[in-house]
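Asker: The structure is given below, and queries will be raised subsequently.
Every number in this text was worked out from the coordinates using simple rules, so none of it is lab data. Treat the numbers as computed from the prediction; the structure is a model and nothing was measured. In this analysis, Cβ positions are derived from the backbone assuming ideal geometry, glycine residues included, and neighbour counts consider all displayed protein chains.
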Amino acid sequence: MTFKSFIVALGLSFGIPWLLIILVPFGKMRNLDPVYFETENDGKDEIYVPRRSGLITTGSSVYGANGCYICHTQLIRAGYAGSELGRADWAGFQIKDENGVSVNTARETTPFDYVDEPFAHIGLMRIGPDLTNVAGRIEKYLEEPLTKAKSPESWLYLHLFNSSLKTKTLNNSFACPPQPHFFKEQPVHGQGSPHAVPSLSKEGREVLPTPKAKALVSYLLSLRKDDAVPYSLNYSRDKKKAD
Amino acid sequence: MTSESSTGTPDQDDLKLRASIDRSLRHPVMFFFASGAAWLAVAIILGFIASYKVHDSDFLSGIEFLNYGRTYPAHINLLFYGWGCQAAFGLIVWLLARLSRSECRSTGIILTAGHLWNFGVMAGTLCILAGRGSGKPLMEFPPAIWPFLLLAYVFITVWSFIQVRCSYGGKTYVGQWYLLAAVFWFPWVYLTGHLFVFVFNGHPVMAAGVNAWYKYALILLFFTPVALGTAYYLVPKITGRPIYSYSLALYGFWALAVIGPWAGMQKLAGAPLPQFMPYIGATATSLILIPGIAVGVNLLMTLRGHQAHIVASPSLRFTIAGIVGFLLLGFTGMALNTPATLKMTQFALTGYGFEVLAVCGFFSMCAFGGMYFIVPRITRREWLSRRFIGWHFWLTTYGILTVVVCSIMGGLFQGAAQEAYGSSWSDAASRSYAYNVGTTVAWGFIALGSFFFMVHLLLMWARLGKRSQHPTLLDGGHHEESPHGPDHEVEELQPAEA
């Protein structure tokens, strides 16, 4: 085998997989065709626009830079690949619809769930829980009797400052590492800052979240998958056709 | 064929050529080995801290830059780019110069590019620790850094590529194929990974897919061929026999080339992207056992009947540990990527165990083997202390084995608890607790072992090694003949048509 044919063979053995699992799928997924609600299944005829509000891009980069993705995943795998769909409050919630009937909104992650993010933080090793629906879960945590947080934001600020503070019951040995660098402490002036985290203030001192913390919390509160997706995109077990 | 029958009086010109190659490469190669060893020590300390934080989140919790979310990526990135790549550069540059029998004439440029690489790695690591990392696994260095690293890479390895190109045609060696393939694939893998994640504006899930593929491509298409190329050079060289089977070597090489590039996307099983991609990745990772067995059988059969050499030669001992590591990598790759186990291992500590096995258990062991062989030749001094080498070997081997076993076992328990969706989530963390503690302790032992190695290497670089004609051997016996063989025979023993 000559040098040239050796290099060509190396190029082919690498180039074929490169073409088939990198280049072509990347090109195909670049601009996904929009998905429509259809009259037959969804009862309406319009385009599906995934919506998220908050500081998504900035928050996503703060999330990455501080390594949240190492312990937290953001993926509800399909049923054949994993069991997230079954775990309570991870993939969706048990809610009552307009007729008072209990429905489970649990569904798999769709390609539109990472909208506005440059990179899907799928996650590495799940030491902490999945965050696909963390915003919805926090609303439930606020109803727990022992919680010290009063709003979703303050729950997350307590979690970031020192995760053992947000409730009195949590076993702290596997808690999220404290991230006090997201906050700054300052003396109270006048009536105090409206942005101060309530449960962290001590006599004469208040604790304020930094802009990074605000972006991160805003991003985390955008993580909820409870918008109505078209029937064709909804992989939920309990999905129903519109009447 | 034994070494006695093959050795004639070495040609005086040959000896001179080898000496001049070694002299020309002394500074670049020692620079890569020593800075690699220094980064390895930093990576191991960061690994210890990160691992400690997994089971005790209050450990060093007041220090912002040592937060778990920053120490862990810094640890992994240093292990890959600080240590792994630089060890590989040193091996590639020296081995390809020796195998293509030509002096290196670009040492100045290689050294400059080496400094650029180190500067990039340092800047990237400081950025990660300062909270400015990119947040994409194994690409955590800020996006401004990768073009510089790629530039440095090109100026480090392009000379070796040219050397092989010019000398190709006469004799080629199995080691040469592997090293040449690594040199050829690395820029493609590196450029693909960074362009598709940082530059091209694609779908976020596909970017994550390319990122997952990149990690495996780097392991299987760069670290693996460099380690195997080194092993294929050292084993025949030290034992003085040709490799057991030429066709098995050919088969193992092309098996790796054909299987390797498909692996990696199993991280995205169940994610919203075409599902053949993750499962073909899982299949390819399972099939790495094929080149594993081909290489393992071939090299171990070559060594059959040379127990004395294995006991005595530090290079051979590390190389064998590395080959066993490659076999283990094949078996764990197969066990952890079946449809049933992938559910549990996709998001568990097992992935970390697999990476440590690949980079530390397999690649690093082969690289250490190469270094124990190369450094005395380029410094013209022998290793100072048999004891240091022994400590390094045993602490590293047992340390890495413990990290790998603990991460994989702990990860399997963790993954099984994650899959049991009816029971409490906190089970997932608590079931791996004991294994996490084990990992931390093992990193401590590895740190000690690598400390012995680093000190030893720095003393050698300072040319404080023994001025002796006899290599430092581990059994302390006196050998009539060096188990490293007369210094000329691999070239004569190993002609093979690629």
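Asker: What list of ³J(HN,Hα) values in whole Hz, one per residue of the range B:314-326 in order, does the Karplus curve 6.51 cos²θ - 1.76 cosθ + 1.60 (θ = phi - 60°) give from phi, with Gly and Pro shown as x?
Answerer: Along the range B:314-326, the couplings run x, 4, 5, 5, 5, 4, 5, 4, x, 5, 4, x, 5 Hz.
Asker: Can you compute the modelled spin-label distance between B:LEU191 and B:ILE162, with each label point 7 Å from Cα toward Cβ, in nm?
Answerer: Using points 7 Å along Cα→Cβ, the separation is 1.8 nm.
Asker: Let me ask you something else. Using the Karplus curve 6.51 cos²θ - 1.76 cosθ + 1.60 with θ = phi - 60°, what ³J(HN,Hα) values do you get for each residue of the range A:216-232, in whole Hz, with x for Gly and Pro?
Answerer: Going residue by residue, I get 5, 5, 4, 5, 5, 6, 8, 7, 8, 10, 10, 6, 6, 9, x, 3, 5 Hz, with x marking Gly and Pro.
Asker: Dipole of chain B (Lys/Arg Cβ +1, Asp/Glu Cβ -1, origin at the Cα centre): which of B:ALA123, B:GLY202, B:TYR68 lies farthest to the positive side?
Answerer: B:ALA123
Asker: Quick check for me: using +1 on Lys/Arg Cβ and -1 on Asp/Glu Cβ, what's the dipole size of chain B about its Cα centre, in debye to the nearest 20?
Answerer: 560
Asker: Grab the Cα-Cα distance for A:THR58 and A:LYS96, subtract it from 0.36 nm times how many residues apart they are, and report the gain in nm with one decimal.
Answerer: Residue separation times 0.36 nm, minus the Cα-Cα distance, leaves 10.2 nm.
Asker: How about the range A:1-109: which trypsin sites (Lys or Arg not before Pro) there are in a DSSP loop, with at most 15 other Cβ atoms within 10 Å of their Cβ? Walk me through the numbers before you get to the answer.
Answerer: Values: sites: A:LYS4, A:LYS28, A:ARG30, A:LYS44, A:ARG51, A:ARG52, A:ARG77, A:ARG87, A:LYS96, A:ARG107; in loops: A:LYS44, A:ARG51, A:ARG52, A:ARG77, A:ARG87, A:ARG107.
Hits after loop and neighbour filter: A:LYS44, A:ARG51.
Asker: At most 13 other C-beta atoms within 10 Å and a DSSP loop state: those are the exposed trypsin sites (Lys or Arg not before Pro) I care about. Give me the longest piece of chain B that has none.
Answerer: B:106-303
Asker: Right, next: In peptide B:188-198, what is the residue-averaged number of other protein chain Cβ atoms found within 10 Å of each Cβ? List each step's numbers first, then the result.
Answerer: Numbers: counts 5, 2, 0, 0, 5, 1, 0, 0, 3, 2, 2.
If you average over the peptide's residues, the count of other-chain Cβ atoms is 2.
Asker: Inside 10 Å of the C-beta atoms of A:78-88, what's the mean count of C-beta atoms belonging to other chains?
Answerer: Working: counts 5, 1, 5, 12, 11, 7, 5, 2, 4, 7, 3.
Taking all residues of A:78-88 together, the mean is 6.
Asker: Next up: Counting pairs of alpha carbon atoms under 8 Å apart in space and at least six apart in sequence, what relative contact order in percent does chain B give?
Answerer: Values: 807 pairs, mean separation 92.4, N = 498.
Result for chain B is 19 percent.
Asker: While we're on this one: Exactly which GluC sites (Glu not before Pro) in the range A:72-157 are in a DSSP loop and have at most 13 other Cβ atoms within 10 Å?
Answerer: Those satisfying the criteria are A:GLU98, A:GLU143.
Asker: A follow-up question, please. How about B:LYS16: which lysines have a C-alpha closer than 28 Å to its C-alpha, ignoring those fewer than 8 places off in the same chain?
Answerer: B:LYS171, B:LYS237, B:LYS466
Asker: Toward the positive end of the charge dipole of the range A:36-233, about the Cα centre and with charges on Cβ (Lys, Arg +1; Asp, Glu -1), which of A:HIS195, A:THR39, A:PRO180 goes farthest?
Answerer: Final value for the positive-end residue is A:PRO180.
Asker: Kindly express, to the nearest 10 degrees and within the range 0 to 90, the angle between helix A:56-65's C-alpha long axis and the longest C-alpha principal axis of chain A.
Answerer: Long axis of A:56-65 versus the principal axis of chain A: about 90 degrees.
Asker: Another question about this same structure. Roughly how many debye, to the nearest 20, is the charge dipole of the protein assembly as shown about its Cα centre, given +1 on each Lys and Arg Cβ, -1 on each Asp and Glu Cβ, and no other charges?
Answerer: 1260
Asker: Which Cα, out of A:THR110, A:PHE3, B:PRO314, lies furthest along the positive dipole direction of the protein assembly as shown (beta carbon charges, K/R +1, D/E -1)?
Answerer: B:PRO314
Asker: May I ask for the angle, rounded to the nearest 10°, between helix B:289-302 and the longest principal axis of chain B, with both axes built from Cα atoms and the value confined to 0 to 90°?
Answerer: Helix B:289-302 sits roughly 30 degrees off the main axis of chain B.
Asker: Short version: ³J(HN,Hα) in whole Hz for each residue of the range B:44-59, in order, from phi by Karplus 6.51 cos²θ - 1.76 cosθ + 1.60 (θ = phi - 60°), x for Gly and Pro, what are they?
Answerer: Along the range B:44-59, the couplings run 5, 5, 5, x, 4, 4, 4, 5, 4, 5, 5, 9, 9, 5, 8, 5 Hz.
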